[in-house]
Amino acid sequence: MSKPRILVTRRWPTAVETVLAERFDVTLNRNDIPLGEDELRPALSTYDAVLPTVSDRLPAAIFEGASVVTKILGNFGVGYNHIDITAAKARGITVTNTPGVLTDCTADIAMLLLLSVARRGGEGERQVRAGEWKGWCPTHMIGTKVTGKTVGIIGFGRIGKAFAQRCHFGFGMDVVFFNRSPVDPSEAARYGARQLASVEEVLATADFVSLHCPGGAENRHLMNAARLAAMKPGAFLINTARGDVVDETALISALENGTIRGAGLDVYEAEPNVPDALRRMENVVVLPHLGSATEETRTAMGMKVVDNVTAFFEGRDAPDRVV
Ligand code: DGY
């Protein structure tokens, strides 16, 4: 029997590409240039499986037309708001993701952003590199103390919990969170956290607000002008979730007007575009979507896709099926 034909839309860790090539009839994207809709649409008419990632766009329109032959989209990543899963499902296409393996690394990046923005790490580094540091003095680059402060988490899934654990047990922080569904208080206590009834209650309480909910329509602009204004004066916003969870224009105004004190961002509304205003502000730490970017995690993510696609073509249930 011929091997399933598979398209991988971007370069993946070599170890994973090697396994894919052993198991399937694989087309790799050797020059790693992102594919546009004009390339993804014919791919759905050519390959049995397409393995996309966060930099690809698969809106409903791409699934229209009689000639779609793709049976599975094995997404490289836990977030899949770049895929219209309703349209994919309507075409009978299975979609899988890669949960679990990027929990720790994404929580680590959220902690890095929180510490950097509070303690002015990026600003200090820029000053030293520019040769502008004049030496120690009692009033130099004074930041905000982290230990013992209150952190508010929006979205208490795997990553939210891992972040809570770091904040509470690592930095003695009081942790409150909002989650759509109730979390058993004893489960929350394992992460040193307690649930509040609304996003607003979290915002009113927290010195740091960190977003860990999915992107996509349900949470689009969850942090809008009103909610940014509802944060405590002097509070910081951390976003390692998805860019569209924050209204970026409202965020820029809130930072410019001093409504909030600073932001640590790993994700943006129109990646890789980061608005000039955000790049210019010293009280904003900007990272290039590094949440899962470690050798261990990226390899584990790829291997999860391999497992999902292998199971699917062997007629078993794909372990991380989304639809
Ligand atoms: C994910 O898995 O959704 C990440 O954002 C990509 O690293």
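The values are calculated or read from the model by the stated rules, or taken from the named source; none is laboratory data. On a predicted model such as this, the values are computed, not experimentally measured, just so you know. Neighbour counts are summed over all protein chains in view; Cβ atoms, including those assigned to glycine, are modelled from backbone coordinates with ideal geometry. Please note that ligands, DNA and RNA were not included when accessible areas were found on the heavy atoms of the full protein model with its side chains. Shrake-Rupley method; radii C 1.70, N 1.55, O 1.52, S 1.80 Å.
So, in the range 306-318, of the ones that are assigned to a loop (DSSP other than H, G, I, E, B) and open to solvent by 60 Å² or more (accessible area, probe 1.4 Å), which residue ends up nearest to the ligand (Cβ to nearest atom)?
317
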(request) Could you please let me know if residue 235 is closer than 22 Å to residue 277 by Cβ and of a type in the set (Gly, Ala, Ser)? (result) yes
(request) Please give the number of the condition residue 103 fails out of (1) within 12 Å of the ligand (Cβ to nearest atom); (2) more than 23 Å from residue 32 (Cβ to Cβ); (3) open to solvent by 50 Å² or more (accessible area, probe 1.4 Å). (result) (3)
(request) Output the residues belonging to the range 106-145 that are assigned to a loop (DSSP other than H, G, I, E, B) and touching a strand residue (DSSP E or B) at 6+ places or on another chain (Cβ under 8 Å). (result) 144
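Counting just the residues of the range 159-181 that are of a type outside the set (Phe, Trp, Tyr) and surrounded by fewer than 17 Cβ atoms within 10 Å (Cβ to Cβ), which one comes out nearest to residue 104 (Cα to Cα)?
170
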(request) For the range 46-64, enumerate the residues that are more than 16 Å from the ligand (Cβ to nearest atom), β-branched (Val, Ile, Thr) and open to solvent by 10 Å² or more (accessible area, probe 1.4 Å). (result) 46
(message) Could you tell me how many of the residues in the range 30-42 are surrounded by fewer than 17 Cβ atoms within 10 Å (Cβ to Cβ) and of a type outside the set (Asp, Glu)?
(response) 6
(request) Please determine, by comparing only the residues of the range 65-86 that are among the aliphatic types (A, V, I, L, M) and part of a strand (DSSP E or B), which one is farthest from the ligand (Cβ to nearest atom). (result) 72
(message) Looking at (1) over 18 Å from residue 243 (Cα atoms); (2) more than 11 Å from the ligand (Cβ to nearest atom); (3) surrounded by 19 or more Cβ atoms within 10 Å (Cβ to Cβ), which one does residue 97 not meet, given that it meets all the others?
(response) (2)
(message) Here are the criteria: (1) open to solvent by 60 Å² or more (accessible area, probe 1.4 Å); (2) within 16 Å of the ligand (Cβ to nearest atom). Tell me which single one residue 18 does not satisfy.
(response) (2)
(message) One residue is enough: does the range 283-295 have a residue meeting the conditions over 22 Å from the mean Cα position of the chain (by Cα) and either more than 12 Å from the ligand (Cβ to nearest atom) or not polar (S, T, N, Q) (or both)?
(response) no
